[in-house]
Amino acid sequence: MSTTGSHQAPASAREREVIEAFRAGGVLTRARIAETTGLGRSTVSAVLTRLTDEGAIAVVGHDEQDGRGRPTERLAVDPDAVRAIGIDLAHGAVRVVTLNILGETLAQEERAHEDALGGGPRHRIVHELLDGLDLPERTPALRGIGLGVSGPISLTRPERAPWRALVADLTARHGFPVQVDNTTRFAAFAEHLASAEDGRTTLHVRCYQGVGGAVVREGALDLGATGMAGEVGHLPVEEPGMTCRCGRSGCLETVASTPAVLAALRTHGIVLRSPSELPGALVAHPKALRPVLDRVARSIARALVLTTTLVDPDEVILTGDLFDTDDHLLDAVRPLVAEGVGERFPLVPLARGRLDAFAGAVGAALVVLSPRGRATQG
Ligand SMILES: [Zn+2]
């Protein structure tokens, strides 16, 4: 993950505990927060000072008196205070979200554009969407901006990356640090937090314009040494295989990405203008689509047998143009994974993603908000 601009300390474990107390309890006194979290009064006080200074927590009333005759403050989260912005430079669309400290979506906007739109016009869309959100200028409650971009950023030369200018612009305009990462990784983080109980490990695989993946362990993204951990899309699962855009050959992406699936269908005489026509084509031409989908399922299953053996996740979450509409592909993958894993290894549950197309933007904001925030989509 690349961070630019002035750094701010990420949410501490103590802050997360205090926020969880507010999430569960609503309006709380300092004594109640200390009791719920088990943290000392001075620790609670330090955390609350930061949160109230930022405008994320506010005094909403007073109890009669404490034991020493002073009124006791009743505190609550300001649910309208913007804490983080998430931006997703998705394929063919720009999406932005704002979240409050509880990870709840306050606003979200999307604008579709032609696939070939250049960096400059796309960046203007980002600024226009953010302007439309009517953000307070340099609000003290805002901790930063997360920017999701396509592809593994460790394979990009940062100095040449097209998003570099956008990051500089955002930092200059809003005065906050901008965290940049592959939007797949951000989406995996949001999916994990939307579904997983504490202490779980999830592997997320996304098959859209490209194929990406990420591992989230116990509420934290597994980045690896260079941010490549969990890059399922570039596992060599086909041999001999086609050359991938990453330079290797036989990558899962060369078979399971949406363009690869559409190209394979064309060789079978089925021409689709967009992935949205896939479900209809499945119904109209089930026999013609079968060999293509079987090959996709086999490649995904092969990748999952390898990755689940290595990562040992509690759950695999699959999203993609072929996964989002129905369970057809998932049902084809499941028995192949079971067969490949064998009887002596645990069979990991496979599930479809639970969030919508804003998952990448939400995850980008959540990573800024707190490495262990929680996704709630509005
Ligand atoms: Zn590749």
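Things to note:
- With a Förster radius of 51 Å applied to the C-beta separation of Arg30 and Ala351, the computed FRET efficiency comes to 0.80.
- Overall, the stretch 200-352 carries a charge dipole of about 420 debye about its Cα centre when +1 sits on the Cβ of Lys and Arg and -1 on the Cβ of Asp and Glu, all other atoms neutral.
- Close amide H contacts of Val60 (hydrogens built in the peptide plane, cut-off under 5 Å, sequence separation of 5 or more or a different chain): Arg74, Leu75, Ala76.
- Net charge of neighbours whose Cβ lies under 11 Å from the Cβ of Pro279, counting Lys and Arg as +1 and Asp and Glu as -1: -4
- The gain in end-to-end length when the Glu277 to Thr52 segment is fully stretched comes to 76.0 nm, 0.36 nm per residue minus the alpha carbon separation.
- Computed label-point distance, nm, for sites Leu310 and Asp169 using a 7 Å Cα→Cβ extension: 3.7
- Asp115/Ala288 FRET efficiency (R0 22 Å; Cβ-Cβ; nearest 0.05): 0.25
- Under the criterion of Cα pairs below 8 Å and six or more residues apart, the relative contact order for the stretch 76-145 equals 35 percent.
- Asp314 accessible area, assembled protein chains, probe 1.4 Å, Å²: 70
- Modelled FRET efficiency - R0 25 Å, Arg295 with Arg200, Cβ distances, 0.05 increments: 0.20
- With N the number of residues in the chain, Rg(Cα) / (2.2 N^0.38 Å) evaluates to 1.08.
- Largest-first ordering by accessible area, 1.4 Å probe, given options Arg273, Arg124: Arg273, Arg124
- Degrees, to the nearest 10: 328-341 long Cα axis against longest axis of the chain: 90
The values are calculated or read from the model by the stated rules, or taken from the named source; none is laboratory data. All values derive from a computational prediction rather than experimental measurement. In this analysis, Cβ positions are derived from the backbone assuming ideal geometry, glycine residues included, and neighbour counts consider all displayed protein chains. Side chains included, ligands, DNA and RNA excluded: accessible areas come from the protein's heavy atoms. Shrake-Rupley method; radii C 1.70, N 1.55, O 1.52, S 1.80 Å.
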